[in-house]
Amino acid sequence: MRVHLGVAARRAGVPLPSEALTAAREAITRAFPVPAETVVAGEWQSARGDISLLSWSNEPEDHGLPVMLRRDGRVAGITGHLARPPDAGTLLAAARLGETAGRTGGCFSVLRAGDDDLAAATGSTGACPIFYAETPEVHVVGTRALLVHLVAQAARTGSARPEVGWNLPALESMVRTGYFLSDETPFEGVTALPPGGEIRIAGGRRIVTVVPLPVARPMPTSRRDIRAQVGELADALLSSVEPLLGTAEPVRLSLTGGRDSRLLAALLHGAGIPFVATTSGNDGDPDVELARRVAAALGVEHRVHRPKRSPDGGSVVVPHPLVRAHNVRYACEGMLSAYENVPGPARFDPAPRMSGHGGEILRAGFLHNQEDPGHKAVRRRMEGFYAKNADLLTERAREHTRALAAPWLARCQENPAEALDHFYVTYRVGRWHAASRASLLRTSRPIPPFLDNRVVRTALSMDPLWRRSEDVVHRVIDHFAPELRGIPIEGRPWRFEVERSDHGFVNRILRRRERTRPPVAGTAGTAGGAGGGKPWNWRLTPSEELAGLLREGVAAADEARVRERLASLVEDDELGRILAILPRRRMDVAWNLYTVATMMADAFSDPSPPRLAPLRIPRPG
């Protein structure tokens, strides 16, 4: 992972306060939790001392681009994946950095400095984020929110090791949903740059501009137009993986029985890029069995990673919740719930990896599972994003939520399909996936074709209702790997097959048949649209021991300040009710509350993971 930080004086020509730069060097151990001996650092400062760029990396020095790029008096740092390394020179020279980044292949963010200005840009999704803050003396811009906050706090207070200041109203989103549905962060004064965003600081002034997401073309009406648009998307996908043709070792693909990872398998196969497929689960699981069939059809090796179990096989062995919370807190900076599986710190592995995360962009984002795409139904769905678990909140926190929802509800009236499509890119990818991706970047080299700027802009330019039908994804898979025809997908069948009739009654009958037909041979559960419930999830049906630990962490009996802060977000009566019903219901909220409570108790004081024994969760049956 590469971490970059830019600091610019609010008054041009005035040297930066020494406290800010000292704090940056001190705070990197809190904001970049990787083995210290693996980190290399670089610094640059303008001739007048009013602009600085600092960079750190735990990647091997012979891997990829230099940590700090230099050309013609400018320096730049890139975090993430640049599809064509020579494009780094274009980014260094670009007059409009945001526009150039958005049309450059890859999934990355860039921070650039010169004697006269400091600039940064996200890509089309914001999956490699940029954060910014300002104080009376400095502007601070960087790729890690905590680092930006601590440097701004140091400049504001004069302390080389300042305390964390919390943005309590913003944390309502973490309590409700486990990630942010806004450009806010947990940290006071720190904001995330939106997808397509550029921030430029020159002469002490800050200017933020945003390149809008593409407006979709009308649905194609001829076979020729269909082939042309599918071909454009296929070409963009091929360009996104072209550099992997010369990779020294096979790509490690996380393959399930679903649509998105299957498309990646087809893409790698069609591009002639060697890969090995891996699936997490047990023999008989739909994902495992269907992934095995896909790998066999493409002639590639398939490996199964089985969950860790107790010696007698009756329990799964999982990390202590404090360890989970610590990992997600330091990797994702408090912007993702401990419900998510986030690995701990490890040495960087440069082998290329892929997974299907973000593939919903090709299936119209949140529109892909919206049964009714009409104005009223889409508005209800949008209201649901912001109303989820809002019954727990204080009135002040609910007011904050309503204010965030208002502009998106207005967009639902104007163009409901586009609203859900763009909402997914802006927050599910730009915030949830960005936080999750940070945990991957610190230890590995994820290559995300679905988040490639050119792929995203090509996909969003296609009619969202057409993408929602899944016809586009189905055609692209067939384009790259016709060998996969006939292999069913896990879960519900292809939407365009179910909705091939415009008659609502017929659709209901077809869906009923798909829910009740027997499982695909050789699979269990929901393979191929078969009936059956979801696989057992220990996080939602925990043991009494785990539920007790979550209660203890949320109650924070020895932390009066934590209780006071939680009280500004959650009504006391509602908090007591949630803790009382564990583990029977609302476990998602319990994990979210646990994340927020333990984060405020720890306040990013110690990046060393706690040494606590794992738990055993009995398997049902």
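The values are calculated or read from the model by the stated rules, or taken from the named source; none is laboratory data. Just so we're clear, the structure is a prediction, and the values are computed from it rather than from any experiment. Virtual Cβ from ideal backbone geometry, glycine too; neighbours counted across all protein chains shown. Surface accessibility is based on the protein's heavy atoms, side chains included, excluding ligands, DNA and RNA. Shrake-Rupley method; radii C 1.70, N 1.55, O 1.52, S 1.80 Å.
Please go through the range 192-207 and give me each residue that is closer than 13 Å to Ala121 by Cβ, open to solvent by 40 Å² or more (accessible area, probe 1.4 Å) and in contact (Cβ under 8 Å) with a residue 40 or more places away in the chain, ordered by number.
Arg200 - this is the single residue of the range 192-207 that is closer than 13 Å to Ala121 by Cβ, open to solvent by 40 Å² or more (accessible area, probe 1.4 Å) and in contact (Cβ under 8 Å) with a residue 40 or more places away in the chain.
State the number of residues belonging to the range 210-233 that are part of a helix (DSSP H, G or I) and either surrounded by fewer than 18 Cβ atoms within 10 Å (Cβ to Cβ) or among the aromatic types (Phe, Trp, Tyr) (or both). Reasoning before the result, please.
Pass one, the range 210-233, residues part of a helix (DSSP H, G or I): 223-233.
Now drop any that are not either surrounded by fewer than 18 Cβ atoms within 10 Å (Cβ to Cβ) or among the aromatic types (Phe, Trp, Tyr) (or both), which leaves 223-228, 231-232.
Residues flagged as part of a helix (DSSP H, G or I) and either surrounded by fewer than 18 Cβ atoms within 10 Å (Cβ to Cβ) or among the aromatic types (Phe, Trp, Tyr) (or both) within the range 210-233 amount to 8.
Of these, Asp421, Asp452, Asp463, which one is open to solvent by 20 Å² or more (accessible area, probe 1.4 Å) and acidic (Asp, Glu)?
Working: Asp421 fails: open to solvent by 20 Å² or more (accessible area, probe 1.4 Å); Asp452 fails: open to solvent by 20 Å² or more (accessible area, probe 1.4 Å).
Just one listed residue meets the conditions, Asp463.
Count, please, the residues in the range 406-431 that happen to be part of a helix (DSSP H, G or I) and over 17 Å from Asp452 (Cα atoms).
Just the residues of the range 406-431 that are part of a helix (DSSP H, G or I), to begin with: 406-414, 416-431.
This time we only want the ones that are over 17 Å from Asp452 (Cα atoms), so: 406-414, 416-420, 423.
Final tally of qualifying residues: 15.
Out of Pro373, Pro352, report the one residue that is touching a helix residue (DSSP H, G or I) at 6+ places or on another chain (Cβ under 7 Å), closer than 30 Å to Val241 by Cα and not basic (Lys, Arg). Steps first, please.
Working: Pro373 fails: closer than 30 Å to Val241 by Cα.
Of Pro373, Pro352, the one residue that is touching a helix residue (DSSP H, G or I) at 6+ places or on another chain (Cβ under 7 Å), closer than 30 Å to Val241 by Cα and not basic (Lys, Arg) is Pro352.
What number of residues within the range 164-173 are closer than 9 Å to Leu569 by Cβ and crowded, with 23+ Cβ neighbours inside 10 Å? Steps first, answer last, please.
The initial filter retains those residues of the range 164-173 that are closer than 9 Å to Leu569 by Cβ, namely 168-169, 171-172.
So of that shortlist, the ones also crowded, with 23+ Cβ neighbours inside 10 Å come out as 171-172.
Qualifying residue count for the region: 2.
Across the range 257-278, what is the number of residues that are part of a strand (DSSP E or B) and either open to solvent by 10 Å² or more (accessible area, probe 1.4 Å) or at pLDDT below 95 (or both)?
Quick first cut of the range 257-278, residues part of a strand (DSSP E or B) only: 275-278.
If we keep only those that are either open to solvent by 10 Å² or more (accessible area, probe 1.4 Å) or at pLDDT below 95 (or both) too, we end up with 275-276, 278.
Result for the range 257-278: 3.
Condition first: assigned to a loop (DSSP other than H, G, I, E, B), of a type outside the set (Ser, Thr, Tyr) and crowded, with 24+ Cβ neighbours inside 10 Å. Now tell me which residues in the range 114-141 satisfy that.
Quick first cut of the range 114-141, residues assigned to a loop (DSSP other than H, G, I, E, B) only: 114-116, 122-130, 135-137.
Now narrow it down to the ones that are of a type outside the set (Ser, Thr, Tyr): 114-116, 123, 126-130, 136-137.
Gly123, Gly126, Ala127, Cys128, Pro129, Ile130, listed by residue number.
Would you pick out the residues in the range 182-191 that are buried (at least 24 other Cβ atoms within 10 Å of the Cβ) and of a type outside the set (Val, Ile, Thr)?
We begin by selecting, within the range 182-191, every residue buried (at least 24 other Cβ atoms within 10 Å of the Cβ); these are 185-187, 190.
Result: Pro186, Phe187.
Can you go through Glu59, Glu26 and tell me which one is in contact (Cβ under 8 Å) with a residue 60 or more places away in the chain, open to solvent by 10 Å² or more (accessible area, probe 1.4 Å) and more than 24 Å from the chain's Cα centre (by Cα)? Break it down into steps so the answer makes sense when it comes.
Values: Glu59 fails: more than 24 Å from the chain's Cα centre (by Cα).
That would be Glu26, the only listed residue that is in contact (Cβ under 8 Å) with a residue 60 or more places away in the chain, open to solvent by 10 Å² or more (accessible area, probe 1.4 Å) and more than 24 Å from the chain's Cα centre (by Cα).
If you check Arg363 against the conditions, is it over 30 Å from Ala597 (Cβ atoms), open to solvent by 10 Å² or more (accessible area, probe 1.4 Å) and of a type outside the set (A, V, I, L, M, F, W, C)? Steps first, answer last, please.
Details: over 30 Å from Ala597 (Cβ atoms): yes; open to solvent by 10 Å² or more (accessible area, probe 1.4 Å): yes; of a type outside the set (A, V, I, L, M, F, W, C): yes.
It is true that Arg363 is over 30 Å from Ala597 (Cβ atoms), open to solvent by 10 Å² or more (accessible area, probe 1.4 Å) and of a type outside the set (A, V, I, L, M, F, W, C).
When you scan the range 540-621 for helices (runs of 4 or more DSSP H) that lie fully inside it, which ones turn up with 2 or more residues that are polar (S, T, N, Q) and modelled with pLDDT of 90 or more?
On the way: elements: 544-555, 560-567, 572-581, 587-602.
Filter on the range 540-621 gives 587-602.
Within the range 279-307, which residues are in a loop (DSSP other than H, G, I, E, B) and either crowded, with 16+ Cβ neighbours inside 10 Å or modelled with pLDDT of 95 or more (or both)? Lay out the reasoning, then the answer.
First, the residues of the range 279-307 that are in a loop (DSSP other than H, G, I, E, B): 281-285, 299-301, 306-307.
If the condition is that a residue be in a loop (DSSP other than H, G, I, E, B) and either crowded, with 16+ Cβ neighbours inside 10 Å or modelled with pLDDT of 95 or more (or both), then Gly281, Asp285, Gly299, Val300, Glu301 are the ones that fit.
With the requirement that a residue be aliphatic (A, V, I, L, M), more than 23 Å from Ala12 (Cβ to Cβ) and at pLDDT 95 or above, what does the range 136-163 give you?
Step one: list which residues in the range 136-163 are aliphatic (A, V, I, L, M), which gives 138, 140-141, 145-148, 150-152, 154-155, 160.
With more than 23 Å from Ala12 (Cβ to Cβ) added as a condition, the list becomes 145-147, 150, 160.
Hits for the range 136-163 are Ala145, Leu146, Leu147, Leu150.
Kindly indicate which of Leu65, Leu111, Leu91, Leu53 is of a type in the set (A, V, I, L, M), within 24 Å of Val211 (Cβ to Cβ) and open to solvent by 10 Å² or more (accessible area, probe 1.4 Å).
Working: Leu111 fails: open to solvent by 10 Å² or more (accessible area, probe 1.4 Å); Leu91 fails: open to solvent by 10 Å² or more (accessible area, probe 1.4 Å); Leu53 fails: open to solvent by 10 Å² or more (accessible area, probe 1.4 Å).
Result of the check over Leu65, Leu111, Leu91, Leu53: Leu65.
Across the range 234-256, which residue is least open to solvent (accessible area, probe 1.4 Å) among those that are of a type in the set (Ser, Thr, Tyr) and part of a loop (DSSP other than H, G, I, E, B)? Give the steps one after another, and end with the answer.
Step one: list which residues in the range 234-256 are of a type in the set (Ser, Thr, Tyr), which gives 239-240, 247, 254, 256.
When the remaining residues are screened for being part of a loop (DSSP other than H, G, I, E, B), the result is 247, 256.
Working: Thr247: 35, Thr256: 51 Å².
Ranking the candidates gives Thr247 first.
Of Arg303, Arg293, which residue is of a type in the set (D, E, K, R) and under 14 Å from Glu483 (Cβ atoms)?
Arg293
How about the range 179-197: which of its residues are closer than 23 Å to Met382 by Cα and not in a loop (DSSP other than H, G, I, E, B)?
Glu184, Thr191, Ala192
So how many residues does the range 33-49 have that are touching a Phe, Trp or Tyr at 6+ places or on another chain (Cβ under 6 Å) and open to solvent by less than 30 Å² (accessible area, probe 1.4 Å)? Let's see the steps before the verdict.
First, pick out the residues of the range 33-49 that are touching a Phe, Trp or Tyr at 6+ places or on another chain (Cβ under 6 Å): 33, 39, 41.
Now restrict to residues that are open to solvent by less than 30 Å² (accessible area, probe 1.4 Å): 33.
Count: 1.
Could you tell me whether Ala481 is open to solvent by less than 20 Å² (accessible area, probe 1.4 Å) and within 22 Å of the chain's Cα centre (by Cα)? Can you show your working first?
On the way: open to solvent by less than 20 Å² (accessible area, probe 1.4 Å): yes; within 22 Å of the chain's Cα centre (by Cα): no.
It is false that Ala481 is open to solvent by less than 20 Å² (accessible area, probe 1.4 Å) and within 22 Å of the chain's Cα centre (by Cα).
Determine which member of the set Glu399, Glu360 is modelled with pLDDT of 95 or more, in a helix (DSSP H, G or I) and within 29 Å of Cys107 (Cα to Cα).
Glu360
If a residue has to be open to solvent by 20 Å² or more (accessible area, probe 1.4 Å) and either in contact (Cβ under 8 Å) with a residue 40 or more places away in the chain or on the phi > 0 side of the Ramachandran plot (or both) to count, how many in the range 367-386 make the cut?
First pass over the range 367-386, keeping only residues open to solvent by 20 Å² or more (accessible area, probe 1.4 Å): 368-369, 371-376, 379-381, 383-385.
Filter once more, so that each one left must be either in contact (Cβ under 8 Å) with a residue 40 or more places away in the chain or on the phi > 0 side of the Ramachandran plot (or both): 368, 373-375, 385.
Residues in the range 367-386 being open to solvent by 20 Å² or more (accessible area, probe 1.4 Å) and either in contact (Cβ under 8 Å) with a residue 40 or more places away in the chain or on the phi > 0 side of the Ramachandran plot (or both): 5 in total.
In the range 432-443, how many residues are open to solvent by 10 Å² or more (accessible area, probe 1.4 Å) and not in a helix (DSSP H, G or I)?
1
Under 7 Å by Cβ, and 6 or more places apart or on different chains, what pairs join a residue from the range 340-357 that is closer than 17 Å to Gly106 by Cα and open to solvent by less than 40 Å² (accessible area, probe 1.4 Å) with one that is assigned to a loop (DSSP other than H, G, I, E, B) and of a type in the set (Gly, Ala, Ser)?
Gly356/Gly258
Which condition from (1) touching a residue at least 60 places away in the same chain (Cβ under 8 Å); (2) open to solvent by 40 Å² or more (accessible area, probe 1.4 Å); (3) at positive phi is the one that Asp72 breaks?
Of the numbered conditions (1) touching a residue at least 60 places away in the same chain (Cβ under 8 Å); (2) open to solvent by 40 Å² or more (accessible area, probe 1.4 Å); (3) at positive phi, the odd one out for Asp72 is (1).
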